[in-house]
Each structure stands twice: as structure tokens, then as C-alpha cells.
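Engineer: Below: one structure in C-alpha cells.
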Amino acid sequence: SGSGSKWFMAYKIRKSFSGEWFNNAKVAVLGASGGIGQPLSLLLKNSPLVGELSLFDIAHTPGVAADLSHIETRAHVTGYMGPDQLNAALKGCDVVVIPAGVPRKPGMTRDDLFNTNATIVATLADAVARNCPEAMICIIANPVNSTIPITSEVMKKYGVYNPNRVFGVTTLDIVRANAFVAELKGLDPARVNVPVIGGHAGKTIIPLISQATPKVEFPADQLSALTARIQDAGTEVVKAKAGAGSATLSMAYAGARFTFSVLDAMNGKEGVVECAYVRSEETECKYFSTPLLLGKHGIEKNLGLGKLSAFEENLVADAIGELKGSIKKGEDFVANMK
């Protein structure tokens, strides 16, 4: 009958949006008015994967939300401001992205931000644990090497910790490695993929040039300079901005790229791989970034370090001590919280 074929068409259309529910994902950005938060929110508003965009910050959020709500894409935008609206901002969220925190100024290390950003992240993680404990949590707030252990320990306090759903976003390191390698080799950057493992600060950032696709080779001195540039690229931007901030636009791009990968995987897309800093058994560090196969429930499989060159093995050995220290610092912070 006619109605039967109509029903079948509707069913087919629905099937073509497999995981229809997540094509309407509710995504929260905590720190949405900041230098990273605003361009990140713009990129998320532009995505067909996002049905609802929940923006939170301590100031200016209603303005950012009003501005973005005029864009002709279907994501519905709501702005929340101040601590008393934080719970409402998080209700029912599928993905929470956290760029909140203070940016680096010239002469500051990521660690100098520790106390301020540690407190901010602990407060936000506490609210996530209470309001949307099942959400995928993507932490951008530095120092990521410590803010991921902080988030994990806070989630544990509430008995809702799922290591497959808590990610330190290190995507900017990959994006930079891809851009710099492409530049040196005259390649299309969109086709270059360099895995970056370890952590997200200085010498803990370990680009695996030997595993790059397409395959590239550099003489030892050039490889060493390229690695140092990738490790220090954040400082390159802080200096170039001369006191007016740190990497915000490239970070927003990288944060959006990672969030879209998470949403694609939640939607059932196969073969989605991104590097991120997560709870890990791959090295003697409790947390370590490696390529991850993402799935409907977060990390499907940790793809590990792969085959390292001798140069890369030395970089890993060099990073372990600093990483362990940063992890302990994060864990101790939560243990000593009032």
C-alpha cells in the first residue's frame, strides 16, 4: 500500500542518518567567552553533528550566544553565565569541551598556570560528574598533563569515572606537526598525518616523524630542529602575540577537529583515529597520549606507540620523569582539596 512505501522511505531516510540521535548531540563548551572558547563555539555551531550548543562562562556568555544564534545552521545555542547556572548548562550533555582557564603570557610556562587552572578544572569536573557523568569530556585547559589526572580523580570521588570518556586534547600538536612537515616537504598539509605521543608540554610532546604518512625523511639535524619546533610551537605563538595571549585560533581549530572525531565515532563512523592524552597502560606513566581508535562509547582501542626509531625512543625516555611529576601534581591537588 501507499502508506507502506511511504513508511519504508521514511525508514530509509532515518537509516541514512544512522545514530540519528547523535546528529543532534548536545555539546557544552565551558569557557565559551574566552580566546579559544569563542572561535571553538563558532566552529561547533557550523557543524551538522551538533543539535544543541550549550555555552558557559563566568562573563559575556549571553552576548556570545546571541551572536552565534544568528548563524543559519541548525544547532540551537543557549548561553549560561556564572556559577549558579553551571548545572543547567550541563544537563543532558553528550560531549563537554573545556577550554576554560587563564592563557599563558610571555615568560610563563604551562605550569605557572597550575593553581588557577587546576581549581577551575576541578570545579567544572565536579559539575560534570553531578550533571552529565556519561558525557565525553574533552579537556583543553592547560597544563593538560595535570588537568586530566585532576578530572579523573574528581570523577572517581563521585564513583562515575570512565577512563574511556576522559580525553586531554593534544590535537594541536598533531595539527602543528602536520603543518610544519608539509611546509618543509612541499606537501598538501591536509594529506599529512604525524602521530604525536606523550604529553602536551615541552619535551613531553613527542612527534613520531618515522610513522608519518606519507613517509618522510629528514637528516638528523633537521629532524632535531623540527622536533624542537613542534615541542616549542606554543611559545612561538605566545612570543609573536607579545603579551596579547597564546594560541587561540589554531587551538580552537584543533579542539573542534577532536570534538568532531568524537561525535563521528559516537555516530557509528568506523575507523576514527585521533591521538589524545588518556589513562594508559602503554608506558610506566598512568596517563600517556597515543593514537586511539574511537567508538560509540569513547576509546574503543588504544593503538599504542607503534614502532619507534632510536631517536624517538630517547625522546620517550626523556619525557617520562616530567610526565610522572605532572601526573602526581594533579592527583595530589585533588587529594588535598578542601
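No lab work stands behind these numbers, since they all come straight from the coordinates. Just so you know, these numbers come straight off a predicted model, no measurement behind them. Glycine also receives a Cβ, built like all others from the backbone with ideal geometry; neighbour counts cover every protein chain displayed.
Engineer: Using a Cα-Cα cut-off of under 21 Å, which lysines could be cross-linked to residue 301, ignoring same-chain neighbours fewer than 8 residues away?
Structural biologist: In chain and number order, the partners are 269, 286.
Engineer: Here is a further query. Compute the separation of the alpha-carbon centres of segment 193-226 and segment 49-92 and state it in Å as a whole number.
Structural biologist: So the two Cα centres are separated by 37 Å.
Engineer: Quick one: dipole size for the chain, taken about the Cα centre, charges +1 on Lys/Arg Cβ and -1 on Asp/Glu Cβ, in debye to the nearest 20.
Structural biologist: 700
Engineer: Excluding residues fewer than 8 places away in the same chain, name every one of the lysines whose C-alpha is closer than 17 Å to that of residue 241.
Structural biologist: 105
Engineer: Between rounded, prolate and oblate, where does segment 277-333 land on the alpha carbon gyration tensor, with a ≥ b ≥ c its root eigenvalues, rounded for a/c under 1.5, else prolate if a/b exceeds b/c?
Structural biologist: oblate
Engineer: Continuing with this model, one more query. Of the listed peptides 217-226, 81-90, what is their order by residue-averaged count of other C-beta atoms within 10 Å, with the highest listed first? Intermediate results must be reported in sequence, preceding the final value.
Structural biologist: Working: 217-226: 12.3, 81-90: 16.1.
Result, highest mean Cβ count within 10 Å first: 81-90, 217-226.
Engineer: State the extension gain, in nm to one decimal, for the chain segment bounded by residue 324 and residue 232, taking 0.36 nm per residue of separation less the distance between their alpha-carbons.
Structural biologist: Between residue 324 and residue 232, full extension yields 31.1 nm more.
Engineer: Next question, about the same structure. For a protection proxy built on the mean count of beta-carbon atoms within 10 angstrom, sort 298-308, 193-203 highest first, please.
Structural biologist: In decreasing order of mean packing, 298-308, 193-203 become 193-203, 298-308.
Engineer: Equivalent-ellipsoid semi-axes (√(5λ), Cα gyration tensor) for the chain, whole Å, largest first? Please report the intermediate quantities before stating the final value.
Structural biologist: Values: eigenvalues 200, 126, 80 Å².
Whole-Å semi-axes of the equivalent ellipsoid: 32, 25, 20.
Engineer: Principal axis extents for segment 106-222, Cα atoms only, whole Å, descending order, please.
Structural biologist: Largest to smallest, the principal-axis extents are 50, 34, 19 Å.
Engineer: Which ³J(HN,Hα) values, rounded to whole Hz and listed in residue order, are derived for segment 295-311 from phi using the Karplus coefficients 6.51, -1.76 and 1.60 in 6.51 cos²θ - 1.76 cosθ + 1.60 with θ = phi - 60°, glycine and proline given as x?
Structural biologist: Taking θ as phi minus 60°, the curve returns x, 4, 10, x, 6, 8, 7, 7, 7, x, 7, x, 7, 9, 6, 4, 4 Hz for segment 295-311.
Engineer: What are the ³J(HN,Hα) values, in whole Hz, obtained from phi via the Karplus relation 6.51 cos²θ - 1.76 cosθ + 1.60 with θ = phi - 60°, for each residue of segment 213-222 in sequence order, with x given for Gly and Pro?
Structural biologist: Whole-Hz 3J(HN,Hα) from phi for segment 213-222: 10, x, 5, 10, 9, 10, x, 3, 5, 5.
Engineer: Also, I was wondering about something else. Run the lone-cysteine check on the chain: no other Cys C-beta under 4.7 Å from the residue's C-beta.
Structural biologist: 138, 275, 285
Engineer: Longest segment of the chain with no chymotrypsin sites (Phe, Trp or Tyr not before Pro) in a DSSP loop having at most 13 other Cβ atoms within 10 Å?
Structural biologist: Looking at the chain, 159-338 is the longest stretch - no exposed chymotrypsin sites (Phe, Trp or Tyr not before Pro) with at most 13 other Cβ atoms within 10 Å.
Engineer: Taking Cα centroids, how far is segment 228-264 from segment 280-298 in Å?
Structural biologist: First find each Cα centre; the distance between them is then 21 Å.
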